[in-house]
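A short worksheet on the structure shown next.
The values are calculated or read from the model by the stated rules, or taken from the named source; none is laboratory data. These numbers come from a predicted model, not from an experiment. Note that we place each Cβ from the backbone using ideal geometry, even for glycine, and neighbour counts take in every protein chain shown.
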Amino acid sequence: MPNKVLMQIRNTALDVYNKIKKKKQPTLTTPIRALSNVTYNVKAGFFELNGKMKTRTLTASTVKSFAQTLRMMALSKELIKNNDIATKREAYYVSKNWGDARFNEQSDSDSVMDDIEAMFGVNREQIGFIADEHGGDVAGKLIVHDKNEKGKPVRIDCTKMGSGAYSIPTSVEHLKFETSAKFILAIETKGMFERLNRHGFWKKANCILVSMGGVPSRACRRFIRKLSDEKKLPVYVFCDGDFYGYMNIYRTLKVGSGNAAHINEYFCVPKAKFIGITPKDIEEYKLPTHPLKEVDIKRGKDALKNDPFVLHHKEWQKAIKKQLQMKVRAEQQALAKWGLNFVIDKYLPEKLKNPKTWLP
Amino acid sequence: MAPTIAEEMARKQREISIAEFFEKNRHLLGFDNKRKALLTAVKEAVDNALDACEEANIIPDIIVEVIEMGSDRYRVIVEDNGPGIVKNQIPKIFAKLLYGSKFHRLKQSRGQQGIGISASVMYSQLTTGRAARILSKISPNKPAHYYELKIDTSKNKPLILKDEEREWDKPHGTRVELDLEGSYIKAGQSVDNYLKQTAIINPHVTITYVNPKAEQIIFPRATEEMPRQTSEIKPHPYGVELGLLLKMLRNTPFRTLQAFFVNEFSRVGAGTAKLICEQALVPPSISPHKVTREDAEKLINAIQKTKIISPPTDCISPIGEELLEKGLRKEVNAEYYCAVTRNPSVYRGNPFQVEVGIAYGGDQSQNEPATLLRFANRVPLLYQQGGCAIYKSVVQTNWKPYGLNQSNGALPIGPVTIAVHIASVWVPFTSESKEAIAHYPEIISEIKLALQEAGRKLQKYTLKKRRVKEELKKRSYIEKYIPHVAIGLKEILDLKKYETENIENELRKMLEKHRGKLEDMGFDPSKNIDFDEELARIGKEEEKETQEEQ
């Protein structure tokens with residue numbers, strides 16, 4: 001059966017080739033991946049692409065990426081045909097052999113790769129590339145059924161990771177889960193994950209801990225979504241009390257991003273809820289704070305103005321405005337003021353019992 | 001009674017003749033140093049020759065010889081085919097300062113004050129003790145007349161040392177021969193450069209020049225057409241000062257003030273004359289000789305308040321855009337030329353006209369300041385560039401929009417030659433040596449307008465050149481990636497070699513077609529057929545030689 005993506009690559013190239021033979025300007029169009037070109041599909045729960053496209057052709061401003069896109073598509077074709085994969089970094093280095101068309105920075109290479117994904121509506125693995133980002137750590141009452149390098153089944157028990165954790169692989173589609181946990185707790189910082197893991201919080205609360213380690217990678221988002229969908233588990237998110245935590249981490253996990261708008265659909269968790277640290281928490285729990293910096297304030301104001309997710313949820317607007325008024329932010333680890341295990345003994349149990357204090 | 005100190009001093013005071021004055025103040029006339037002295041002598045003689053020919057409507061053939069006599073002495077010989085000078089006038093013209101036909105009239109001509117040639121004679125006599133030798137013939141039917149002359153400086157009168165008839169095979173003309181102390185260099189402010197620029201700005205003249213190295217250089221004329229005859233005009237009331245008005249009132253033959261104004265001035269009719277008189281509360285019927293000093297002052301004020309039409313301007317003969325450009329073409333091998341002749345304008349009642357020529361690019365150096373050529377009444381100005389109104393106007397014009405670099409208060413920098421010519425019935429110089437033009441605001445303003453007009457023409461060219469350059473840059477940038485587009489397609493579609501090459505060619509063709517045909521803005525040095533390389537070299541190459549010698 002001919003690979004769908006190979007056909008897409010071939011057809012796109014053929015289109016360019018024919019246009020040139022007919023002495024017409026060849027073009028490559030891809031969707032614009034930005035917040036300005038998404039709509040928040042509330043029912044489905046994620047950011048959807050609108051129609052705006054960008055075109056690359058034989059002009060001084062776009063010819064370079066035009067050539068680079070074609071050459072990367074050719075690389076994809078080779079990877080798929082040979083059943084091989086290349087990391088994003090490797091793809092960047094391959095380009096160093098392309099003479100004038102080589103990428104100067106990896107960010108340029110990543111961007112062209114994302115464009116090709118968007119052109120064909122596929123995930124990067126389908127065009128032969130994998131991320132080199134860190135997947136995310138998992139601990140708790142969960143059994144994962146994976147395969148080893150020879151394709152033989154492997155059974156991983158996440159309760160038996162000792163003081164460590166299970167690391168989410170790059171590709172999660174093939175995983176199968178077994179669990180008796182009641183919910184998934186997604187945590188921003190490694191430090192907080194460490195404390196909860198060391199003191200067996202997942203045992204006490206009967207949950208699965210996932211450390212996102214900052215902005216969650218695609219694999220991490222897909223993992224949480226898959227696990228939550230298949231085992232019908234609610235997802236609660238616990239981040240620092242600042243705009244980065246709310247927007248870059250939580251919002252991306254929940255509805256996706258402008259940059260990944262072309263693949264958001266399966267890579268977000270619309271069911272997720274934000275349990276803390278909320279601006280109200282900062283006041284109620286009298287947490288030690290830091291003043292908001294210029295960059296924080298700008299982030300908050302931008303979110304109020306431009307983010308379709310915020311624009312839809314009044315509670316988030318209230319929360320952001322409140323924090324801008326308060327002019328301070330607080331980290332999740334600030335709870336240690338009231339005792340190292342205050343978070344385990346008091347904060348989390350109280351919050352989990354009280355949905356009224358959550359944000360959508 | 002013993003004389004008072006004042007009486008003692010009075011005994012020592014005596015009248016100083018104008019000749020004695022200039023004897024001690026040579027720098028005022030252009031004889032400050034030996035190099036300049038040689039140039040000034042040649043210049044004065046050539047100016048007179050050209051003026052004479054043009055007045056007589058004879059197409060000029062001038063011969064200039066500079067012979068090295070040793071010990072810094074040179075013999076300067078200037079011979080023309082002009083109308084010649086009447087025998088009786090010769091001594092006064094050559095050996096009496098401030099004698100001439102030109103001071104009392106307003107007419108565009110090279111010589112203005114009647115000092116020039118006599119000053120040269122005086123300088124020659126001062127430095128070598130020798131007399132000036134003049135030969136002149138006014139008609140083929142009459143013999144030529146030969147004089148040897150000196151100046152009696154205490155009385156400002158000619159001393160005739162020889163006076164005889166001679167045979168001369170020319171039908172008419174004048175030949176001036178002077179021995180003087182001087183210094184000859186080929187480059188820069190030199191006789192060679194002066195003659196070359198004179199030839200450029202006077203395309204109807206042929207000059208044959210024999211330099212001190214006995215090399216003969218001919219500057220052939222570029223046109224047989226004589227320039228338009230200039231005409232004399234009466235002074236315009238706006239330009240008259242109290243002193244001149246009083247003098248005119250005293251000397252006029254007209255019997256009423258009204259008639260005086262109508263006849264002695266330009267642009268004054270009976271009505272205007274009456275208006276002036278009424279405004280000044282002086283009766284128009286009064287005799288001009290009876291007008292008092294106070295009345296004259298009132299008349300001056302009245303004139304300024306009365307509306308009088310501008311003076312006639314057809315008395316000026318400009319070079320014209322075509323010939324100005326042609327002259328530049330001979331001298332500079334450039335990519336682009338343009339010339340502008342403005343309409344005549346007026347300063348202090350005197351009509352004047354400004355012309356500008358620009359030669360851009362080509363052989364000229366990119367990072368040097370512009371070469372500025374200045375001319376007044378078809379005479380090159382080689383000295384006092386910094387003090388000249390032309391220089392000031394160029395420096396105060398903003399050349400950056402026209403494609404040149406420029407620091408504040410300096411000449412523009414770039415491959416450009418700017419030629420500026422001012423023609424007037426009376427050119428205002430900063431000193432008697434006629435080296436730089438005085439800073440009248442009306443003149444500076446006109447020059448700037450002319451420069452800007454020419455600059456705008458230049459701008460069209462430099463903008464076009466820059467656009468083409470940028471377009472070429474863009475194209476070569478895009479071209480860089482065309483092979484990669486072809487490689488991408490080749491790898492995806494498994495194209496054969498010829499198919500890939502085909503694609504590359506198609507892409508190149510498409511690039512050219514889509515972006516339009518580019519004009520070739522390159523400089524072809526052989527394209528300018530008017531360029532005379534030998535001519536251009538005159539006055540330049542020796543700078544290198546002198547540098548090597550040093």
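Selection of region A:166-189 for residues being under 27 Å from A:E125 (Cα atoms) and either surrounded by fewer than 20 Cβ atoms within 10 Å (Cβ to Cβ) or more than 20 Å from the chain's Cα centre (by Cα) (or both) yields A:S167, A:P169, A:T170, A:S171, A:E173, A:H174, A:L175, A:K176, A:F177, A:E178. Taken together, the residues in region B:10-36 that are touching a helix residue (DSSP H, G or I) at 6+ places or on another chain (Cβ under 8 Å) and either surrounded by 24 or more Cβ atoms within 10 Å (Cβ to Cβ) or more than 22 Å from B:P212 (Cα to Cα) (or both) amount to 8. A:E283 falls short of the stated requirement of being under 12 Å from the mean Cα position of the chain (by Cα) and either assigned to a helix (DSSP H, G or I) or farther than 30 Å from A:E125 by Cβ (or both).
Rundown of residues vs (1) part of a helix (DSSP H, G or I); (2) in contact (Cβ under 8 Å) with a residue 24 or more places away in the chain; (3) of a type outside the set (F, W, Y), yes/no style:
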{"site": "A:D114", "(1), (2), (3)": "yes, yes, yes"}
{"site": "A:M119", "(1), (2), (3)": "yes, yes, yes"}
{"site": "A:H134", "(1), (2), (3)": "no, yes, yes"}
{"site": "A:V154", "(1), (2), (3)": "no, no, yes"}
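Only a single item in (1) of a type outside the set (K, R); (2) over 16 Å from B:E44 (Cβ atoms); (3) touching a strand residue (DSSP E or B) at 6+ places or on another chain (Cβ under 7 Å) is not met by B:I134, and it is number (2). Could you say which residue among A:K96, A:K147 is of a type outside the set (V, I, T) and modelled with pLDDT under 90? After applying the criteria, what remains is A:K147.
Give A:L196, A:L185, A:L227, A:L233 a once-over and let me know the one that is part of a strand (DSSP E or B) and not charged (D, E, K, R). Step by step, each of A:L196, A:L185, A:L227, A:L233 is checked, and only A:L185 is part of a strand (DSSP E or B) and not charged (D, E, K, R). Consider region B:290-311 and keep the residues that are hydrophobic (A, V, I, L, M, F, W, C) and not in a helix (DSSP H, G or I). The one that is nearest to B:V346 (Cα to Cα) is B:I309.
Summed over region A:63-94, the residues that are within 11 Å of chain B (Cβ to nearest Cβ) and in contact with a strand residue (DSSP E or B) (Cβ under 6 Å, 6 or more places away or on another chain) give a count of 3.
Residues A:V215, A:V210: which one is in a loop (DSSP other than H, G, I, E, B) and either of a type in the set (A, V, I, L, M, F, W, C) or within 26 Å of A:I130 (Cα to Cα) (or both)? Of the residues listed, the single one that is in a loop (DSSP other than H, G, I, E, B) and either of a type in the set (A, V, I, L, M, F, W, C) or within 26 Å of A:I130 (Cα to Cα) (or both) is A:V215.
For region B:155-247, the strands (runs of 3 or more DSSP E) that sit wholly inside it and include 1 or more residues that are of a type in the set (A, V, I, L, M, F, W, C), touching a Ser or Thr at 6+ places or on another chain (Cβ under 6 Å) and buried (at least 20 other Cβ atoms within 10 Å of the Cβ) are B:173-181. Do we find a residue being among the charged types (D, E, K, R) and either at pLDDT below 95 or closer than 19 Å to B:P318 by Cβ (or both) anywhere in region B:387-396? No, there is no match, as no residue in region B:387-396 is among the charged types (D, E, K, R) and either at pLDDT below 95 or closer than 19 Å to B:P318 by Cβ (or both).
Residues in region B:9-48 that are within 27 Å of the chain's Cα centre (by Cα), polar (S, T, N, Q) and not in a helix (DSSP H, G or I): B:N25, B:N33. Being free of Cβ contacts under 8 Å to residues at least 24 places away in the same chain, within 8 Å of another protein chain (Cβ to nearest Cβ) and either surrounded by fewer than 18 Cβ atoms within 10 Å (Cβ to Cβ) or of a type in the set (V, I, T) (or both): is that true of B:I503 here? So B:I503 fits the description; yes.
Among the residues making up region A:238-255, those that are part of a loop (DSSP other than H, G, I, E, B) and either surrounded by 24 or more Cβ atoms within 10 Å (Cβ to Cβ) or among the hydroxyl-bearing types (S, T, Y) (or both) are A:C239, A:D242.
Name the residue, out of B:A419, B:A410, B:A486, that is outside any loop (DSSP other than H, G, I, E, B), away from every other protein chain (no Cβ under 14 Å) and among the small types (G, A, S). After ruling out the rest, the residue left standing is B:A419. Any residue at all in region B:98-108 that is without any contact (Cβ under 8 Å) to a residue 40 or more places away in the chain and touching a helix residue (DSSP H, G or I) at 6+ places or on another chain (Cβ under 7 Å)? For region B:98-108, residues without any contact (Cβ under 8 Å) to a residue 40 or more places away in the chain and touching a helix residue (DSSP H, G or I) at 6+ places or on another chain (Cβ under 7 Å): present.
Name the residues in region B:312-338 that are of a type in the set (G, A, S) and in a loop (DSSP other than H, G, I, E, B), would you? Matches in region B:312-338: B:S317, B:G320, B:A334.
Every test in (1) in a loop (DSSP other than H, G, I, E, B); (2) in the same structural domain as B:G357 (by TED's automatic domain parsing); (3) basic (K, R) is passed by B:K517 save one, and that test is (2). Restricting to region B:121-166, give me the number of residues that are in contact with a helix residue (DSSP H, G or I) (Cβ under 9 Å, 6 or more places away or on another chain), closer than 15 Å to B:N88 by Cβ and either of a type in the set (G, A, S) or modelled with pLDDT under 90 (or both). Total satisfying the criteria: 2. Taken together, the criteria place A:G258 among residues that are surrounded by 19 or more Cβ atoms within 10 Å (Cβ to Cβ) and assigned to a loop (DSSP other than H, G, I, E, B). Look at (1) free of Cβ contacts under 8 Å to residues at least 40 places away in the same chain; (2) in contact with a Leu (Cβ under 7 Å, 6 or more places away or on another chain) and you find that B:V291 fails only one, number (1).
Take B:E453 and tell me if it is under 18 Å from the mean Cα position of the chain (by Cα), part of a helix (DSSP H, G or I) and not hydrophobic (A, V, I, L, M, F, W, C). Considered against the rule, which asks whether it is under 18 Å from the mean Cα position of the chain (by Cα), part of a helix (DSSP H, G or I) and not hydrophobic (A, V, I, L, M, F, W, C), B:E453 comes out as no. Restricting the search to strands (runs of 3 or more DSSP E) fully inside region A:1-54 and requiring at least 1 residues that are within 14 Å of chain B (Cβ to nearest Cβ) and within 31 Å of the chain's Cα centre (by Cα) gives A:28-31. Is it the case that some residue within region B:430-437 is assigned to a strand (DSSP E or B), in contact (Cβ under 8 Å) with a residue 60 or more places away in the chain and of a type outside the set (S, T, N, Q)? Yes - at least one qualifying residue is present in region B:430-437.
Cβ-Cβ contacts under 8 Å between residues 6 or more apart (or on different chains), taken from a first residue in region A:95-111 that is within 11 Å of chain B (Cβ to nearest Cβ) to a second residue that is outside any helix (DSSP H, G or I), are listed as A:S95/A:R102; A:S95/A:F103.
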